[in-house]
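Here the structure is laid out as structure tokens; the discussion comes afterwards.
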Amino acid sequence: MKVQVISRDVGSALLVSALFMFLSILVSFANGNDSALAALLISFTITFTVGIFPFIFVRDNSAITTREGYCVIVLSWLLSFIFGMLPYALWGGPFTIVNAWFESVSGFTTTGATILDDVEALPKSLLFWRSSTHFIGGLGIVVFLLLVIPNSSQMKLRLTNMELSSLSRYEYQARTNKTVGIFTRVYFGIMAASFVCYLLAGMDPFDAVNHAMSVTATGGFSTRNLSIGAYDSVTIDLITMFFMVLSSVHFGIIYMTIAFKTLKPLKNEVFKYFMMMLALAAIIVTVSLKVNGIEQTWGRSLLSGSFHVISYATTTGFGIADNSGWPMLPSALLLFVGIWCGMAGSTSGGVKIDRAVLLCKEIKFRLQNVMHPTSIHEVRVDRRVIRQEDLAPHILYISLFLLIFLFSVVVNLMIQPDAAHAFYGTLTSLSNVGPAIGDLGTYASFSAEPAGAKLLYTLDMFLGRVEIYPVLAVLAMVFSRGDK
């Protein structure tokens, strides 16, 4: 394994974080050198120095193996977490080492869970850094790296194949090394559009840019304690709902719809299932909120129910109401849609609705084989035949997700006595949703959770964001005996 190849690429990832730390420093200057200036200056200096070091002392080598590729992916994320926690830890306040680590991991993985009870107490520069971690993590640390690698490089081709799962490449209809450019253009386009819409709806520019970064990354960090609900604006609520859905749709579908000026890509079977899931869940939650007297009018019930279903299903985690006192049915539905969430090829986390569709079709396929063993049956998605060998990794992923969830809950129960927190917190962390239900709901924080539980949640966030396989690959390399 070539350490020089890994070190240069990981260094590139750190330079991305350093760039946004520098932007946060500019925000501090613009706000009269606020209290986070020193913390950001020190963090920028350390991160930039470590990031640039390999480019000075290590020779460039574009060749990369599969083993090195997985190491680049995992180490880029882990070191970004570590250096990303520096501004929090150096600023102090509620940020102990564990809390700073939690906030950093939650930001980069676009989970959106927080240890802050009073978000508005943070200086604006630190709020901007907090939102920046969403922006970096939503596009993907490795995707930033791929942007500076020439299209002809075999390294770009190999890393793209590793960073983007086969599920996410179906709808791009472009060569593999072009999908990064498509993903990036759509990502920046959604952010720019949401920023303009927030401005027109009455948000000040600082809040607008922070929420635009957060909604595009389906992250959920807000500059306000009451999240989107602080604005008490139906217009802002609707804008946020629209862009949460847009950011959780396969970016290839969005690109093709705009580039070819046709609605044909919206006939995608997985997209239809995703929209049907949102609509059905929103109706059930709406009726439940009204019947149980949580909301007084049908209009408010529809807005609150639809907003939170979309927020959890897209794994964004914004809120416009406190869901801690909601009945079990709507609460359980929020957790359910948060597991299956948005489409592959978007910024949403979770298992992905694509895998849910494949699972249902595989079950149907097996039943047909049992009932009609002499007939020929196939698993098809949008008239495309899915071979069993291509289907197996996705069914296995669902099994791994459930196994990791159960294992994490058991470990969490050893750390804390609250079974509800262990269950809800683990599920929303692994799904990258952020807020859960009950005491860990939309307006709550994870500040009171034990330190051990917070560390466990961050592990789940990481596994959920990188989709498990790269971490397993690196662990297999670590524990394997020599090169094979």
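The values are calculated or read from the model by the stated rules, or taken from the named source; none is laboratory data. From a predicted model like this one, the values you see are computed outputs, not experimental measurements. Positions of Cβ are generated from backbone atoms using ideal geometry, with glycine treated the same way; all protein chains shown enter the neighbour counts. Heads up: the accessible areas ignore ligands, DNA and RNA and are worked out on the full protein's heavy atoms, side chains in. Shrake-Rupley method; radii C 1.70, N 1.55, O 1.52, S 1.80 Å.
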Self-check item: Rounded FRET efficiency, nearest 0.05, which uses the C-beta distance separating PHE407 from ASP322 and R0 of 25 Å
Solution: 0.20
Practice problem: State whether the chain is rounded, prolate or oblate according to the following rule on the C-alpha gyration tensor (a ≥ b ≥ c being the square roots of its eigenvalues): a/c under 1.5 gives rounded; otherwise a/b larger than b/c gives prolate, and the remaining case gives oblate. | Solution: rounded
Practice problem: Hand me the trypsin sites (Lys or Arg not before Pro) from segment 37-135 located in a DSSP loop with no more than 14 other Cβ atoms within 10 Å, in residue order please. | Solution: ARG59
Self-check item: Among 329-335, 5-11, 287-293, 100-106, the order from most to least packed when residues are scored by Cβ within 10 Å on average
Solution: 100-106, 5-11, 329-335, 287-293
Quiz item: What spacing in nm lies between the two simple spin-label points modelled at VAL3 and ALA392, each 7 Å away from Cα in the Cβ direction?
Solution: 3.7
Quiz item: How far is the Cα center of segment 272-299 from the Cα center of segment 357-389, in Å?
Solution: 32
Practice problem: Would you calculate a helix-derived [θ] at 222 nm for the chain, using -39,500 (n - 2.57) for each DSSP H run of n ≥ 4 and dividing by the full residue count, to the nearest 500? | Solution: -21500 deg cm²/dmol
Quiz item: Working out 0.36 nm times the residue gap between ASN292 and LYS272, then minus their Cα-Cα distance, what length gain in nm do you get to one decimal?
Solution: 4.2 nm
Exercise. Mind checking the full-extension length gain between ALA279 and LYS364? Use 0.36 nm per residue of separation minus the Cα-Cα distance, one decimal, nm.
Key: 28.2 nm
Quiz item: With every protein chain left in place, what is the accessible area per residue of the chain in square angstrom, probe 1.4 Å?
Solution: 41
Practice problem: Convert each backbone phi in segment 446-458 into a coupling constant with the Karplus relation 6.51 cos²θ - 1.76 cosθ + 1.60 (shift: θ = phi - 60°), then list the ³J(HN,Hα) values in order as whole Hz, x for Gly and Pro. | Solution: 9, 4, 7, 5, x, 4, x, 5, 4, 5, 5, 4, 5
Quiz item: With contacts defined as alpha carbon pairs under 8 Å and 6 or more residues apart, what's the relative contact order of the chain in percent?
Solution: 17
Practice problem: Within the set of other residues whose C-beta is less than 11 Å from the C-beta of GLU103, count the net charge using Lys and Arg as +1 and Asp and Glu as -1. | Solution: +2
Exercise. Whole Å is fine, so just give me how far the alpha carbon centre of segment 15-67 lies from that of segment 69-118.
Key: 15
Quiz item: Ignoring any ligand, DNA or RNA, what whole percent of the accessible area of the chain comes from carbon and sulfur when the probe is 1.4 angstrom?
Solution: 67
Self-check item: Sparse-neighbour loop sites [GluC sites (Glu not before Pro); segment 328-436; at most 14 other C-beta within 10 Å; DSSP]
Solution: GLU378
